[in-house]
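Taking it in order: structure first as structure tokens, then the write-up.
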């Protein structure tokens with residue numbers, strides 16, 4: 001805590017006893033600090049409370065008309081439910097998997113070393129398509145449509161947040177270097193789709209270089225993506241293209257899945273989704289439902305959001321709260337989050353929440369965060385929440401640090417990070433690195449803790465990894481001190 005990067009920094013710390021709640025360590029505990037992604041603890045816990053961590057979301061497919069034998073003259077309509085995986089990430093088996101031991105692909109364009117999840121991102125669409133085929137439909141003469149009217153698309157920091165997700169609305173681009181510096185790299189798309197064409201201008205860099213990749217849509221044809229930059233020799237690097245039109249993306253991928261299942265579709269596979277052609281939302285009839293899939297439980301989705309700090313997923317949870325309140329405006333999910341905070345005994349003047357992910361100026365005092373954590377552990381869904389948190393050396397954003405620590409597996413907490421580069425110097429300025437959760441101190445007891453450092457300066461962008469290690473090490477040291485008492 002007294003190291004050089006933190007010479008001018010501020011440390012906010014609060015640790016309370018698991019038995020009687022007495023304060024063990026405290027510094028600046030009654031002063032605001034930026035929450036960043038610690039806000040997700042408020043968002044996810046509210047969804048578990050309001051919607052039930054064990055509940056699932058149903059994504060149905062309807063026909064707009066009765067089929068004439070094997071031919072559907074009307075449209076086939078997939079109705080979005082807010083399911084974050086749509087059958088990918090192992091969701092068909094009730095799971096919500098993510099990349100372990102490395103950065104998940106949702107941050108492949110921001111953090112080095114990201115890796116693809118192992119599961120098939122099209123598994124859900126393939127299941128829906130096979131169900132359509134099993135219903136007897138072999139030809140669709142109308143259109144294939146995506147009904148994404150559950151909520152109005154939220155314009156968030158990392159792009160749009162719609163109620164339809166396929167492969168996290170990302171096109172993964174795996175870049176394999178050539179054999180020597182200067183040679184062309186090769187590209188692979190995941191999923192493999194006709195939705196986009198890649199123009200490859202990536203070269204192999206020097207041995208000690210870092211991957212520098214950019215993906216941009218052609219201004220004359222947005223389905224052509226230019227991939228430029230360099231990658232070091234050795235293992236493949238990963239980057240992503242964030243899909244700007246999730247409905248048309250899902251439509252193309254669904255049509256391709258239908259064709260794999262033997263269902264012929266006359267509509268243009270690359271056409272944009274025609275939202276104007278959708279029927280009245282109240283007109284869908286059960287006897288015209290031709291397919292459906294269930295999501296993984298919300299507890300599984302929330303666990304992935306907490307573990308990976310998935311911003312888009314957290315904002316989608318905010319939108320689910322709004323939809324539950326009868327609104328299509330995602331901001332209308334905020335009153336439920338604030339109400340849960342008050343139920344936890346938090347003074348509204350001690351917490352500021354602005355979205356689901358933790359955008360500025362989201363802030364709270366460490367005392368307020370501890371009150372939330374104390375409230376959570378006493379709820380019926382508290383165990384699900386705690387199990388879903390990152391865990392030192394084992395899971396999520398804490399899984400990449402502390403593997404050799406004696407506190408491995410005993411520090412569960414949500415990380416929160418906000419950083420920025422200093423122009424012209426290559427330095428990294430840290431607005432905040434926070435960690436808040438539970439310390440296993442033995443005999444089934446959990447101490448509650450918040451550790452956060454604000455306003456630190458690092459010589460390079462690698463400081464984002466150092467500060468994650470350092471804050472986790474502070475929490476580990478506290479865990480060891482309490483466990484040994």
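Just a few scattered comments:
- Stretching the chain fully between residue 422 and residue 342 yields a gain of 25.0 nm (0.36 nm per residue, less the alpha carbon separation).
- Estimated distance in nm for a label pair at residue 469 and residue 214, the labels positioned 7 Å out from Cα along Cα-to-Cβ: 3.1
- Peptides 180-192, 442-454, 7-19, ordered by how many other C-beta atoms sit within 10 Å of their residues on average, highest first, read 442-454, 7-19, 180-192.
- On Cα atoms only, tilt of 311-324 relative to the major axis of the chain in degrees: 70
- Convex hull volume of the Cα atoms of region 398-479, normalised per residue: 76 Å³.
- Listed by Cβ neighbour count within 10 Å, with the fewest neighbours leading, 438, 107 appear as 107, 438.
- Burial ordering of 369, 132, fewest other beta-carbon atoms within 10 Å first: 132, 369
- Overall form of region 335-456 per C-alpha gyration tensor (a/c, 1.5; a/b vs b/c): oblate
- Here the contact order of region 387-462, divided by its residue count and restricted to Cα pairs under 8 Å and six or more residues apart, works out to 23 percent.
- Cα shape, region 58-294, gyration tensor, a/c 1.5 rule: prolate
- In this simple spin-label approximation, residue 242 and residue 461 carry label points 7 Å from Cα along the Cα→Cβ vector, and these lie 1.6 nm apart.
- Region 58-294: relative contact order in percent, alpha carbon pairs under 8 Å with at least 6 residues between: 26
- Spacing of the two label points (7 Å from each Cα toward its C-beta) at residue 118 and residue 235, in nm: 1.4
- Relative contact order [Cα under 8 Å, 6+ residues apart], the chain, whole percent: 22
- Length gained when the stretch residue 206-residue 68 is fully extended (0.36 nm per residue, less Cα-Cα span): 43.5 nm
- Two-site FRET efficiency, residue 194 against residue 280, from Cβ-Cβ distance with R₀ of 30 Å, rounded to 0.05: 0.40
- Förster radius 51 Å - calculated FRET efficiency between residue 221 and residue 289, Cβ distance, rounded to 0.05: 0.90
- Relative protection proxy for 135-142, 221-228, 397-404, 306-313, from highest mean packing down: 306-313, 397-404, 135-142, 221-228 (other beta-carbon atoms within 10 angstrom).
- Length gained on full extension, residue 141 to residue 95, computed as 0.36 nm times the residue gap minus the Cα-Cα distance: 13.0 nm.
- Considering only the Cα atoms of the chain, their convex hull presents on average a projected area of 24.1 nm².
- Within region 268-293: backbone nitrogen closer than 20 Å to the residue 259 label point (7 Å, Cα to C-beta): 268-274
- In the chain, the DSSP-assigned H stretches of four residues or longer account for a calculated mean residue ellipticity at 222 nm of -7500 deg cm²/dmol, using -39500 (n - 2.57) per stretch and the full residue count as denominator.
- Computed from the C-beta positions of residue 134 and residue 22, the FRET efficiency with R₀ = 51 Å rounds to 0.25.
- Taking a ≥ b ≥ c as the square roots of the eigenvalues of the alpha-carbon gyration tensor, region 266-330 is classed prolate because a/c is 1.5 or more and a/b outweighs b/c.
- Residues 175, 47, 352, sorted so that the one with the fewest Cβ neighbours within 10 Å comes first: 352, 175, 47
Coordinate-derived values only; no laboratory data. Bear in mind the structure is a predicted one, so any value in this text is a computation, not a measurement. Note that each Cβ is placed from the backbone with ideal geometry, even for glycine, and that neighbours are counted across all protein chains shown.
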